[in-house]
1. So the check is Cβ under 6 Å with 6+ separation or different chains; which pairs have a first residue in the range 236-252 that's among the β-branched types (Val, Ile, Thr) and a second one that's assigned to a helix (DSSP H, G or I) and more than 16 Å from ligand 2 (Cβ to nearest atom)?
2. If we keep just the residues of the range 274-299 that are among the small types (Gly, Ala, Ser), touching a Phe, Trp or Tyr at 6+ places or on another chain (Cβ under 7 Å) and farther than 16 Å from residue 263 by Cα, which is nearest to ligand 2 (Cβ to nearest atom)?
3. In the range 257-298, what count of residues is obtained for those that are over 18 Å from residue 233 (Cβ atoms) and touching a strand residue (DSSP E or B) at 6+ places or on another chain (Cβ under 9 Å)?
4. Return the residues of the range 259-273 that are near ligand 2 (Cβ under 9 Å from one of its atoms) and among the β-branched types (Val, Ile, Thr); say none if nothing qualifies.
5. So which residues in the range 304-321 are crowded, with 22+ Cβ neighbours inside 10 Å and not aliphatic (A, V, I, L, M)?
6. Looking at (1) over 23 Å from the mean Cα position of the chain (by Cα); (2) surrounded by 15 or more Cβ atoms within 10 Å (Cβ to Cβ), find the lone condition where residue 254 falls short.
7. Select from the range 300-330 the residues that are in contact (Cβ under 8 Å) with a residue 40 or more places away in the chain, more than 16 Å from ligand 2 (Cβ to nearest atom) and over 23 Å from residue 222 (Cβ atoms) and list them in ascending order.
Amino acid sequence: MKEYDVLSKKLTKVVESHGINRRDFLKYCAATAAVLGLSELEFTTRVAQAMGTASKKPPVLWLEGQSCTGCTISLTQSYPPVASIILDTISLRHHGTIMAAAGDLAEKVLHDTVKEGGFVLIVEGSIPTADDRFCVVGGKPFKKTIEEAAAKAAAIIAVGACATYGGIPAATPSKGVGIGKILPGKTIINLPTCPVHHDHLSGTILYFLTTGKAPALDKIGRPVMYFGESIHDNCRRRGQFDAGKFLTDWNDPKQKEWCLIQKGCKGPMTYADCAIRRWNAGINFCIDCGSPCQGCAEPGFYADMTPLYTAESEISKKILAMRESGLIPKKENT
Ligand code: SF4
Ligand code: SF4
């Protein structure tokens, strides 16, 4: 079957009405289909079907606790801008930052949707445990809102380091935690990194829209399709690590491409696909910009990963000890 048979005229019209180049959208579909374990044809057809069932738009609630709104920015700035298609395909009932309604009206929408049940709950930001008063939204402790909404949700997605495992707020007096800590027994799809990668979120939502279920998850709730390999597995400085060439002086041009482990890189103990997927429309990612991986896809980010630019953290010491004892094997052909 040819490409234009799959991507129906209607789908093409929708894609183009969002200012997305048809070729870019097909490229996105091909890449996303591969990680979701579907054929491109199957995936594109299912997306077309999901977009065609406008009357059955799945309701989505996006609730934000202790966060910087970086995950919202990440989603809305994705390229190609598939986020706008997803936002049209789902019924985003409540989102404190991008919804038009405010005040009592916004609270009513939230209340009514929770009462109705069966929605996808997306949470950005952590929950304070030191005192509920650290995060009160609409006059109610955020923790209580999350507990009530989770009880009626069809699926729960935590986005970003804060909502998944506590993130930076875990290192503050509020003692923020990820939502899994206050929702024992609930299945939560965790999409860490700081902020969430827009591909991880749009791919997970598309997976849910097209299959009706959650993708396969690892032991800490992350989709294996995005968090199955370590940063170190795919890092282009890996050959330098194996050869024992470690950058110690940022100003020495000779060391420019060397491994960043002495500068605090947590890549060997961080599982995420940044080295392959990259950020900013696939342009770059931390290590290729010359910054060590800070482990933002792992529980323990931020507090356990500090100090960030030296190898003095306990995690860095462990990585160096593992290397010394040969527990991090050399990669073949490096
Ligand atoms: S330690 Fe960091 S910089 Fe060095 S090879 Fe591994 S991931 Fe790359
Ligand atoms: S490379 Fe490391 S610090 Fe950078 S975004 Fe990926 S997981 Fe986070």
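The values are calculated or read from the model by the stated rules, or taken from the named source; none is laboratory data. As the structure is a computational prediction, the values presented were derived from the model and not from experiment. For neighbour counting, all protein chains shown are included, and Cβ atoms are generated from backbone atoms with ideal geometry for every residue, glycine included.
1. Here the result reads 248/262, each pair linking the range 236-252 to a residue that is assigned to a helix (DSSP H, G or I) and more than 16 Å from ligand 2 (Cβ to nearest atom).
2. Within the range 274-299, the match that is nearest to ligand 2 (Cβ to nearest atom) is 297.
3. 3
4. 270 - this is the single residue of the range 259-273 that is near ligand 2 (Cβ under 9 Å from one of its atoms) and among the β-branched types (Val, Ile, Thr).
5. Result: 316, single match.
6. Failing condition for residue 254: (2).
7. 312, 320, 323, 330
Yes or no, residue by residue, for (1) surrounded by 13 or more Cβ atoms within 10 Å (Cβ to Cβ); (2) in contact with a Ser or Thr (Cβ under 9 Å, 6 or more places away or on another chain):
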position: 272; (1), (2): yes, yes
position: 293; (1), (2): yes, yes
position: 298; (1), (2): yes, yes
position: 302; (1), (2): yes, no
position: 327; (1), (2): no, no
